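Below you'll find the structure, written out as structure tokens, and then a few comments.
The values are calculated or read from the model by the stated rules, or taken from the named source; none is laboratory data. All values reported here derive from a predicted model rather than from experimental measurement. Note that we place each Cβ from the backbone using ideal geometry, even for glycine, and neighbour counts take in every protein chain shown.
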Amino acid sequence: MLFTRRYEAVAHLVTAADGAPQYYSNASGHRLESIEQALAIDKLTQQAWLGHPKLRILRNEVDFNNKVIPYAYIPQIDISKLKCDPLY
């Protein structure tokens, strides 16, 4: 698979529409998708990465800052060693 050679690791941040819908709004105009559309797109995106050995799915069990800080400030870290929810 091309993506396993091209990308060392993949961190997928699940849409707020899945697990935190109270924070998903398209009222500001920044989001064009409805909750239903966002869920469908998110599912397709996750499926596109299936098979990558270092795919990590970051779900919405914590607030946004705790979800992304380990990835935002340390991009060279091997995400496979971080505690998160692998798809498989």
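Before moving on, here are some points about what is shown:
- Consider segment 25-51 and keep the residues that are at negative phi and in contact (Cβ under 8 Å) with a residue 24 or more places away in the chain. The one that is surrounded by the fewest Cβ atoms within 10 Å (Cβ to Cβ) is L50.
- Per-region count, segment 37-58, residues in contact with a helix residue (DSSP H, G or I) (Cβ under 8 Å, 6 or more places away or on another chain) and not β-branched (V, I, T): 8
- Segment 13-24, subset on the phi < 0 side of the Ramachandran plot and surrounded by fewer than 17 Cβ atoms within 10 Å (Cβ to Cβ), residue nearest to the chain's Cα centre (by Cα): L13
- In this entry, N66 is excluded by the filter for residues that are part of a loop (DSSP other than H, G, I, E, B), modelled with pLDDT of 65 or more and among the polar types (S, T, N, Q).
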